[in-house]
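Reviewing the structure listed below.
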Amino acid sequence: KLFSTSSCRLAFKEMELPTMRKPFICWVFLSFVVFAQVSNGFYLPGTYMHTYSNGESINAKVNSLTSIETELPFSYYSLPYCQPPGGIKKSAENLGELLMGDQIDNSPYRFRMNVNETLYLCTTSPLNEHEVKLLKQRTRDLYQVNMILDNLPVMRYTSQNGVKIQWTGFPVGYTPSDGSADYIINHLKFTVFVHEYEGRGVEIIGTGEEGMGIISEADKKKASGYEIVGFHVVPCSIKYDPEAMKKHKMYDGISSVSCPNELDKYQVIKEQERISFTYEVEFVKSDIRWPSRWDAYLKMEGSRVHWFSILNSLMVIVFLAGIVFVIFLRTVRRDLTRYEELDKEAQAQMNEELSGWKLVVGDVFREPDCSTLLCVMVGDGVQILGMAGVTIVFAALGFMSPASRGMLLTGMIILYLILGIAAGYVSVRLWRIIKGTSEG
């Protein structure tokens, strides 16, 4: 029941409060209730799961092409790939994504939950000289195509010298060791791992016009469905007959194909060649839960951190440093105390015998050279240290998780700007300590 002003006074009648404070408390209480009615909550990006029903359409996105050989990213559609039916649409980007070079666009790859299928995308027009040059250059520079499904980057596994290695993305093409020709990746085998989730009904407590509490049930729909917990790909290069493939329309079903092992069955990159793009998707149920789906991307194979050895070394260093510091501090304090007890004549006579650090007592409160630069640098150091500390805390709390692309850089920049207030305060305080006055 919502209290009116009069009923609020009756509610607080038994309270031993001054008469003037009762209406004020009532209005504060009413303001809180009204604010609670109109307030809305929100989830951080990448922290709330999305459930899909059987047959629901899921659209994949493409990120910029990246390479381990060069730092320059390129747009996915800078190469002659198939474009989505509705045209290219860019996703919203934050400042951190722009600084990282991310260019996220929609893609023609479309999946349906728990529907295993093999689909045809498109056949390109005959490649011209410029397109062939671009494809060969991107292939030999080891550029990777980065795809995203439900905020998860696509992952592939390769074996090198008997060791299983995981990568994000798949290559633009393949160049054999002899360098005789370049082949394009035009068929993708996707595996989407899903976890079945069962939700619960939701009850909402509302308030009627008469102020009486009303309990109503929100739609009987449950949040049950399937969560995407993994996204893997096996890239292939397959030589199709372009004339036969052009008879198909986009998203037409075709027979499943296997990745060939012979180079003569790969799709070569050359002028006047038409390339057909296809893909297949398989949905596999998994026991991985949604909060743990990033573990596969974050774990490091073959690297174990010896925390006990590190902690033991740190303890020994701190213990030895503490002993040296205590001995040094007692010696310095004893000498300085004896020096300060002498009169000026004795000090002048002793100065001729003193050398090294014992003379520092006369220079402690002397104004240093370039004091303005010192104050500015100390303030900037506090700003950078505070930015690093707050960023680590926010990252540990999950506000800057890998699911939120670009949030780390964005957060660091915003924190650096905000902590300029602390930098200015520290700089001015140090200036007053050095000068002894606020003048200047």
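The values are calculated or read from the model by the stated rules, or taken from the named source; none is laboratory data. No experiment lies behind these values; they were computed from the predicted model shown. Glycine also receives a Cβ, built like all others from the backbone with ideal geometry; neighbour counts cover every protein chain displayed. Just so you know, the surface numbers come from the protein's heavy atoms only, side chains and all, with ligands and any DNA or RNA stripped out. Shrake-Rupley method; radii C 1.70, N 1.55, O 1.52, S 1.80 Å.
Observations on the model:
- Dipole magnitude for region 363-439: computed about the Cα centre from +1 point charges on Lys and Arg Cβ and -1 point charges on Asp and Glu Cβ, it is near 260 debye.
- Among the listed pairs K189/K265; K61/K265; K133/K270, a Cα-Cα separation exceeding 20 Å is found for K61/K265.
- Carbon and sulfur %, accessible surface of region 363-439 computed with the full protein complex present, 1.4 Å: 73
- FRET efficiency for V393 and E439, using Cβ-Cβ distance with R0 set to 45 Å, rounded to 0.05: 0.70
- Converting the Cα gyration tensor eigenvalues of region 363-439 into ellipsoid dimensions via √(5λ) gives semi-axes, longest first, of 34, 10, 9 Å.
- Whole-Hz Karplus values for region 426-439 come out as 5, 4, 5, 4, 5, 4, 5, 5, 6, 7, x, 7, 8, 5 Hz, taken residue by residue from phi with 6.51 cos²θ - 1.76 cosθ + 1.60 and θ = phi - 60°; glycine and proline positions read x.
- Radius 9 Å from Cβ of Y120, net charge of other residues (Lys, Arg +1; Asp, Glu -1): 0
- Contour minus Cα-Cα distance for F319 and M377 (0.36 nm per residue): 17.7 nm
- Principal axis box of region 65-190, alpha-carbon based, largest edge first, Å: 41, 39, 38
- Estimated from the Cβ-Cβ distance and a Förster radius of 51 angstrom, the FRET efficiency linking D264 and I418 is about 0.25.
- Charge context of S256, other residues only, Cβ under 15 angstrom, K/R +1, D/E -1: -3
- Share of Cα-Cα pairs in region 141-197 lying beyond 13 Å, as whole percent: 72
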